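Shown next, in structure tokens, is the structure this report addresses.
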Amino acid sequence: MTSTTLFKLSDAVKQNYKLKRPLVDQYTTYLKNIKDSDDYLSDTEALQAFLKEKDIHGFVLYIGLTTEREIRVTISVEKQRVLNNRKNLNKLNDQI
């Protein structure tokens, strides 16, 4: 069995993202549903899967709760996905 490289470490950069209230609420609902199933591993793995579903790719390195309305996330992401991730996250954070 051969494995494929997701991306080269040299092509990765660390990016900080802020998840705001509507997205935080969606994540907590997602986390609750995952914890009720047998698929739960950790909050970090759950957040990574949640973001991937929202078309925000990368590896979650750090999660910090800044306020009840905001979560700060540091993600290692491919350079070519940085702008796309930022655009998708801004669109999701602007939801009402």
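Residue by residue through region 47-96, note down the ones that are in a helix (DSSP H, G or I) and charged (D, E, K, R). Working first, answer last.
As a first pass, look at region 47-96 and keep what is in a helix (DSSP H, G or I): 47-53, 79-93.
The answer is LYS52, GLU53, LYS79, ARG81, ARG86, LYS87, LYS91.
Which residue is nearest to VAL24 (Cα to Cα), if the candidates are limited to region 66-88 and must be of a type in the set (A, V, I, L, M) and touching a strand residue (DSSP E or B) at 6+ places or on another chain (Cβ under 9 Å)? Please lay out each step first, then the result.
The initial filter retains those residues of region 66-88 that are of a type in the set (A, V, I, L, M), namely 71, 73, 75, 77, 82-83.
Checking which are touching a strand residue (DSSP E or B) at 6+ places or on another chain (Cβ under 9 Å) leaves us with 71, 73, 75, 77, 82.
Numbers: ILE71: 7, VAL73: 12, ILE75: 16, VAL77: 21, VAL82: 21 Å.
Top of the filtered list is ILE71.
Kindly list, by first and then second residue, each pair from a residue in region 32-51 that is over 24 Å from ASN85 (Cα atoms) and in contact (Cβ under 8 Å) with a residue 40 or more places away in the chain to a residue that is aromatic (Phe, Trp, Tyr) and surrounded by 14 or more Cβ atoms within 10 Å (Cβ to Cβ), limited to pairs with Cβ atoms under 8 Å and residues at least 6 apart or on different chains.
Partner pairs satisfying both residue conditions: none exist.
Looking at (1) surrounded by fewer than 13 Cβ atoms within 10 Å (Cβ to Cβ); (2) in contact with a Leu (Cβ under 8 Å, 6 or more places away or on another chain), find the lone condition where SER76 falls short.
The single condition SER76 does not satisfy is (1).
Considering only region 53-65, how many residues are under 17 Å from THR28 (Cβ atoms) and loosely packed, with under 14 Cβ neighbours inside 10 Å?
Selection size over region 53-65: 3.
Every read-out reported here was derived from the displayed coordinates using simple, explicitly stated rules and does not represent laboratory data. Everything quoted here is computed from the prediction, not taken from an experiment. When we count neighbours, we look across all protein chains shown, and the Cβ atoms used for this are built from the backbone with ideal geometry, even at glycine.
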